[in-house]
Amino acid sequence: MRRSLLVIAALFLGGCASADDEPVPAPSSPSSGPASPEATTPTAGASASGGVATPPDESATPDPAPFPVSLPAYFDRRFSGGDLRLGEVRERTAAYTSYAASYRSGRLRITGVLNVPTGRGPFPAVVLAHGYIDPAIYVTGQGMTRERGVLASRGYVAFHVDYRGHAGSDSDPATARRLRLDYSVDVINAVQALRSTRAVPVDDDRVGLMGRSMGGGVVYKALEMAPGLVDAAAVWAPVSSWEPDNFNRWVRGDPARDDLTAYVERRYGLPGQPGSRRFWREISARTYVDRITEPILLVQGGSDDTCPPRWARATHRALRAADVRARLAWYPDEEHAFGPRFAAAMDRTIGFFDREL
């Protein structure tokens, strides 16, 4: 009920470490700033050498208004999701029925795939945020088909969101220049659409998020944009919570994205360039992990060469330093896509949702 009331008003595990948790070092910087070896720029209140600096002068000039493309620019936004519509039946099994679906995310209509368990319900629900697939080749529901089916077969409504500009969703030409922040808006609005519909028997007080790869970053930012929106979140093989890591790995130096790189350099500066520090802090989920109110499960393969394991470790440390109930489930031999241990990792994820939702 707490989550529902917070969502209506906004409109819009600390648990003990287990055997597969990574060790948690003492925090070296405030939770409001980068907290990883990759984020080398010292935060306010900390010296470059890692020691405690003199407290900032409270009479100093107030912080400037956030960049329009930044996480703080979304913190006071009134989100608007609803009008969930079920389309054709895509699949019917003894455990669930899968539908084509769409909903309203602000002024856009977003498509997706919705799996509904067999029975009267109401059922807990999980909104799924998929990883990066070129929108030019992406088809509806692609990227988390396995997860969607397992969740529904275990009694969860599973709503896979296509995001704007994907499959049958409406396009938003500004998405790339906003560094995909609006994917998180689409996920938030999908939660609101599920809660407001009478077409699907959803338990409004038991809703979670699950993201894979890029979708892990989408989930981090959704939790920070709308604290209290859901009850729990799981991220698998997530991208970095420190945005320069992602930009440097996939955008900078990619000839197909030279136009975006040039735009970002002209407008904000590239990571590491003079004058760019504030922008990259404001666009990074790690800067605002202290806004997260939900427990988070991070699932990471030790052999992942797409999203390096150090990214999950750094995010886990930052979450724990901010007193977020975060647990890192470690699968040493798994790669990015998860193969042999997929079933075990899903069992663990569903067990987490069973406890937290």
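Read-outs throughout are calculated quantities, based only on the coordinates presented, and are distinct from any laboratory measurement. Remember, predicted model here, so these are calculated numbers, not experimental data. Note that we place each Cβ from the backbone using ideal geometry, even for glycine, and neighbour counts take in every protein chain shown.
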> Taking H as built 1.01 Å from N, whose amide H comes closer than 5 Å to the amide H of residue 334, not counting residues under 5 places away?
Replying inline: 302, 303
> If each residue's Cβ is checked for other Cβ atoms within 10 Å, how do 171, 102 rank with the fewest at the top?
Replying inline: 171, 102
> Karplus couplings for the stretch 135-142 from phi (6.51 cos²θ - 1.76 cosθ + 1.60, θ = phi - 60°), rounded to Hz, Gly and Pro as x?
Replying inline: x, 5, 10, 5, 10, 3, x, 6
> Which value in Å is the Kirkwood Rh of the stretch 188-230 over different Cα pairs?
Replying inline: 11.1 Å
> Tally Lys and Arg at +1 and Asp and Glu at -1 over the other residues with C-beta under 14 Å from the C-beta of residue 97: what net charge comes out?
Replying inline: +2
> residue 335: net charge of surrounding residues, Cβ under 9 Å, Lys/Arg +1, Asp/Glu -1, itself excluded?
Replying inline: -4
> What nm distance separates the two modelled labels at residue 306 and residue 86, each placed 7 Å from Cα along Cα→Cβ?
Replying inline: 3.2 nm
>> Projecting each Cα onto the charge dipole of the stretch 243-283 (Lys/Arg +1, Asp/Glu -1 at the beta carbon, about the Cα centre), which of 250, 272, 261 comes out farthest on the positive side?
In response: 272
> Expressed as cubic angstrom per residue, what is the convex hull volume of the alpha carbon set of the stretch 243-283?
Replying inline: 60 Å³
> What relative contact order, as a whole-number percentage, does the stretch 243-283 give when Cα pairs under 8 Å and 6 or more residues apart are counted?
Replying inline: 36 percent
>> For the stretch 148-255, compute the orientation-averaged projected area of the C-alpha convex hull (one quarter of its surface), in nm².
In response: 8.0 nm²
> Put a dot 7 Å past each Cα toward the Cβ at residue 78 and residue 65; how far apart are the dots in nm?
Replying inline: 1.9 nm
>> With +1 assigned to the C-beta of every Lys and Arg and -1 to the C-beta of every Asp and Glu, and no other charges, what is the dipole magnitude of the stretch 243-283 about the Cα centre in debye, to the nearest 20?
In response: 180 debye
>> On a full-extension model of 0.36 nm per residue, what is the gain between residue 267 and residue 342, subtracting their alpha-carbon distance, rounded to one decimal in nm?
In response: 22.8 nm
> Using unit Cβ charges (K, R positive; D, E negative) and no other charged atoms, how large, in debye to the nearest 20, is the dipole of the stretch 226-333 about its Cα centre?
Replying inline: 420 debye
> Within a Cβ distance under 15 Å of residue 251, other residues only, what is the Lys/Arg minus Asp/Glu net charge?
Replying inline: +1
